[in-house]
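K.L.:
Below are the structure tokens for one structure; questions will follow.
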Amino acid sequence: MQTEFIISTKGPGLYEFTLDLRNWLNSVSGDGLLTLFVRHTSCSLVIQENADPEVRTDLQAFFERLVPPSDHPSMSYLRHTYEGPDDMPAHIKAALLPVSLSIPVTNGQPMLGTWQGVYLFEHRAMAHNRRVAAHFA
């Protein structure tokens with residue numbers, strides 16, 4: 001069973017879509033493995049805490065410090081800069097973080113921990129409609 005989720009972003013940050021996954025898995029039900037794959041090169045997929053929003057803002061702040069925009073003096077070695085100062089850093093972040101996830105499913109429910117949620121981690125500054133392919137078998 002396959003589907004595609006479209007996640008609208010408004011700039012950098014973590015966008016949770018766990019409820020969308022749960023609703024789709026309820027419709028297909030059963031036991032198996034859910035595989036997610038983001039179809040873009042400047043965002044990532046992560047499983048993270050969904051109880052305290054400060055976790056998400058701290059993660060975003062950490063990755064912004066780890067990989068600043070290409071117009072920051074520490075990033076002067078970058079050559080791919082014609083798509084804006086956030087583009088190449090977004091590719092670097094996507095190379096450091098997962099672009100696919102595998103989640104066990106039992107009785108149509110993802111086997112996530114109590115405080116875990118599934119997020120698209122947007123690394124670009126402008127709004128996007130990101131596509132996440134889902135496969136359940």
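K.L.:
If I ask for residues that are part of a helix (DSSP H, G or I) and either in contact with a helix residue (DSSP H, G or I) (Cβ under 6 Å, 6 or more places away or on another chain) or among the aliphatic types (A, V, I, L, M) (or both), which ones from segment 1-55 would you list? Before you say what the answer is, go through the steps one by one.
P.N.:
Kept after step one, since they are part of a helix (DSSP H, G or I), are these residues of segment 1-55: 18-28, 53-55.
LEU19, LEU21, LEU25, VAL28, VAL55 - these are the residues of segment 1-55 that are part of a helix (DSSP H, G or I) and either in contact with a helix residue (DSSP H, G or I) (Cβ under 6 Å, 6 or more places away or on another chain) or among the aliphatic types (A, V, I, L, M) (or both).
K.L.:
Any chance segment 56-64 includes a residue that's closer than 14 Å to VAL118 by Cα, without any contact (Cβ under 8 Å) to a residue 12 or more places away in the chain, assigned to a helix (DSSP H, G or I) and of a type outside the set (Gly, Ala, Ser)?
P.N.:
Looking through segment 56-64, none of the residues is closer than 14 Å to VAL118 by Cα, without any contact (Cβ under 8 Å) to a residue 12 or more places away in the chain, assigned to a helix (DSSP H, G or I) and of a type outside the set (Gly, Ala, Ser).
K.L.:
Confirm whether PRO89 is at pLDDT 95 or above, farther than 17 Å from PHE136 by Cα, of a type outside the set (Gly, Ala, Ser) and part of a loop (DSSP other than H, G, I, E, B).
P.N.:
Answer is no for this residue.
K.L.:
Need a quick list: strands (runs of 3 or more DSSP E) entirely within segment 93-137 having at least 1 residues that are of a type in the set (Val, Ile, Thr) and under 17 Å from ILE6 (Cβ atoms).
P.N.:
Values: elements: 100-106, 116-122, 128-136.
In segment 93-137, 116-122, 128-136 are the strands (runs of 3 or more DSSP E) which contain 1 or more residues that are of a type in the set (Val, Ile, Thr) and under 17 Å from ILE6 (Cβ atoms).
K.L.:
Taking the criterion of being surrounded by fewer than 15 Cβ atoms within 10 Å (Cβ to Cβ) and touching a residue at least 60 places away in the same chain (Cβ under 8 Å), would at least one residue in segment 32-45 satisfy it? Walk me through how you get there before you give the answer.
P.N.:
Taking segment 32-45 first, the residues surrounded by fewer than 15 Cβ atoms within 10 Å (Cβ to Cβ) are 33, 39, 41.
Now drop any that are not touching a residue at least 60 places away in the same chain (Cβ under 8 Å), which leaves 33, 39.
Yes, segment 32-45 contains at least one residue that is surrounded by fewer than 15 Cβ atoms within 10 Å (Cβ to Cβ) and touching a residue at least 60 places away in the same chain (Cβ under 8 Å).
K.L.:
Return yes when ASP52 is free of Cβ contacts under 8 Å to residues at least 60 places away in the same chain, crowded, with 18+ Cβ neighbours inside 10 Å and charged (D, E, K, R) and no when it is not. It would help to see each step written out before you state the result.
P.N.:
Details: free of Cβ contacts under 8 Å to residues at least 60 places away in the same chain: yes; crowded, with 18+ Cβ neighbours inside 10 Å: no; charged (D, E, K, R): yes.
Taking the combined requirement at face value, the residue does not satisfy it.
K.L.:
Within segment 100-111, which residues are surrounded by fewer than 17 Cβ atoms within 10 Å (Cβ to Cβ) and either within 16 Å of the chain's Cα centre (by Cα) or more than 27 Å from ARG22 (Cα to Cα) (or both)?
P.N.:
Listed by number, the residues that qualify are SER100, SER102.
The values are calculated or read from the model by the stated rules, or taken from the named source; none is laboratory data. Computed from a prediction, not measured in an experiment: that's the story for all the values here. Note: ideal-geometry Cβ built from the backbone for every residue, glycine included; neighbour counts use all protein chains shown.
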